[in-house]
Amino acid sequence: MNVAIAKSAARGTRILSYAGALLETMDAALAHHSNVFIMGQGVDDFKGIFGSTIGLAEKYGAKRVFDVPLMEEGMTGIAIGAALAGDYPITTHIRADFSFLAMNQILNMAAKYRYMFGGLMSCPMLIRIVVGRSWGQGAQHSQSPQSTFAHFPGLTVVMPSSSQAILDMYPAIVARHPGPVISIEHRLLYNLDFTVSDTGKHVPLGSYVTREGKDVTVVATSVMVLEALRAAQYVHEAAGVSVEIIDLNSISHPDWDLVATSIRKTGRLVVADTSWLEYGVAAEVCRQLVMRDPRLLEQPPSMLGMAPAPCPTAKSLEDIYYPSQRETVDAILTQAKGAGHGVPLPVERSMTEGYKRFRGPF
C-alpha cells in the first residue's frame, strides 16, 4: 500500500491510512512553516517511521529532516533549544520506551519553561512516540506511558485513534499550541484505512463521542477505541445492547463533562486503555466521575488494560497479557446484563488477530 496516496470516496470524504495521515500532516507542516524541522532515529530511512516520513528528507533536504545518533536526551535538548529560539521541532521515537532516556529534558525542561519564566518563554514542539504490541518485543519495548506524561503539568498528551484525529489535531498543534505536545501513536493503526473528511469535525484537543448508545458507556484510548467499536457492534447484534463510546483523545485535557453526561445516561462504565490499570487513565476516569458525583455509577465499573506485569516475549503469553476482543465483549455484557449474562462470546484470542499483522522496522 502506498500510504502517500489517498483513494477517492464519497463526495467530501476520502479513504486515508493512519500512516498516510501522518505523512500528509508532516509534509504540510514542513511546507507551511519554514521554522519546522523533523529529527529522530530513522526519519530519513527508506521505511520512514512506518511510512510517516517517507520522502520528506529528499523533498525538504537534510537540514529539515534528518537522522540522529542514539542520543535521546541530547536530541531532545537540541529540540528544546531550537524551540526557545523560534523554531518548531518535531521529534520522533520509533518506540515509546526510547523516550524514557529523554525524561529529564521533557519533564524538567520542556514542560516547565513557560511556568518558570512567567510566560515570557515557551517551548512549542511535537514529540511523536510509537506504542504497540506483537512480534515479540518483550518487556522493554512494549510500554505505553501516557499516564506518566499526563501527570506532569505543562505537557499536553494526545492519543489519536484515527486518521481523522491526526488531520484535525496535528496542523492546529503545529500552528498554534504554545507548549510541548506528546502524541502517542499506536502501530497497529498505521496500516489501517479510515474514511476522513477535510472539514475537520472534531475538537482538536478534547474528547468526542464515536458511537451513541444508552446502555453502557465505554471510555477508550487509542486503538482501544476501535476495539470498543468492534465489541459494540457484536453486543448489539448478539444481545441488543446499546453502547456509547467516548474517545478520550487528549489524555491530559479530556472533556470530563462529556464523559459525565454519558454516564448520567447509562449508569454503567467500561474503561479500555492501552497501558496498565494501576495509577493510570482508568483510575483518573474514575476519580473525575467520583469528584463530580459519586452516585453517577449504578455499579462498579469494568477495566481493560495490560496485565500488571512486564510484557512477555512469547506470542502465546502475549495473547493472554493484552485484553482480547472476547474480554472486551464480556466486560460490556457484564455491565449491561450481569456476570451470568449467558451471551456467547467471540472466539478471537488476541487483538492482533483482528488487524493487519505488524512487520518490524528492520
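Observations on the model:
- Accessible-area composition of the chain, carbon plus sulfur, in percent [1.4 Å probe]: 56 percent
- Segment His33-Glu212, extension gain: residue separation times 0.36 nm, minus the distance between their alpha carbons: 60.6 nm
- Dipole of the chain, positive direction: furthest Cα of Ser99, Ala283, Ala83, with charges on the beta-carbon: Ala83
- Volume per residue of the C-alpha convex hull in the chain, rounded to whole Å³: 138 Å³
- The C-alpha radius of gyration of the range 78-212, expressed as a fraction of 2.2 N^0.38 Å, stands at 1.09.
- Leading residue at positive end of dipole, the range 141-289 (Cβ point charges), from Tyr208, Thr148, Trp256: Trp256
- Taking all pairs of distinct alpha-carbon atoms in the range 134-267, Kirkwood radius in angstrom: 16.0 Å
- Highest-fluctuation residue, Ala272, Ala102, Ala339 considered, GNM on the chain with Cα pairs under 10 Å: Ala339
- Full-stretch length increase - Phe117, Glu278 - with 0.36 nm per residue and alpha-carbon distance subtracted: 54.5 nm
- GNM flexibility winner over the chain from Gly280, Gly12, Gly179 (Cα, springs under 10 Å): Gly12
- Sum of side-chain charges, Gln140 neighbourhood, beta-carbon under 10 Å (Lys, Arg +1; Asp, Glu -1): 0
- Computed extension gain for Gln299 through Glu73, at 0.36 nm per residue and net of the alpha carbon distance, reaches 76.8 nm.
- Estimated FRET transfer efficiency (Thr261, Arg176; beta-carbon r; R0 25 Å; 0.05): 0.35
- Rolling a 1.4 Å probe over the protein heavy atoms gives the range 247-294 an accessible area of 43 Å² per residue.
- Selected from Ser197, Ser162, Ser144 as most flexible by GNM, with the chain as the system and alpha-carbon contacts under 10 Å: Ser197
- Qualifying aspartates and glutamates (Cα of each under 16 Å from Cα of Lys337; at least 8 residues distant if same chain): Asp215, Glu237, Glu244, Glu298, Glu327
The values are calculated or read from the model by the stated rules, or taken from the named source; none is laboratory data. This one's a predicted model, so the numbers in the text were calculated from it and none came from an experiment. As a convention, Cβ positions derive from the backbone with ideal geometry for all residues, glycine included, and neighbour counts pool all protein chains shown. Keep in mind that these areas ignore ligands, DNA and RNA; they rest on the heavy atoms of the full protein, side chains included. Shrake-Rupley method; radii C 1.70, N 1.55, O 1.52, S 1.80 Å.
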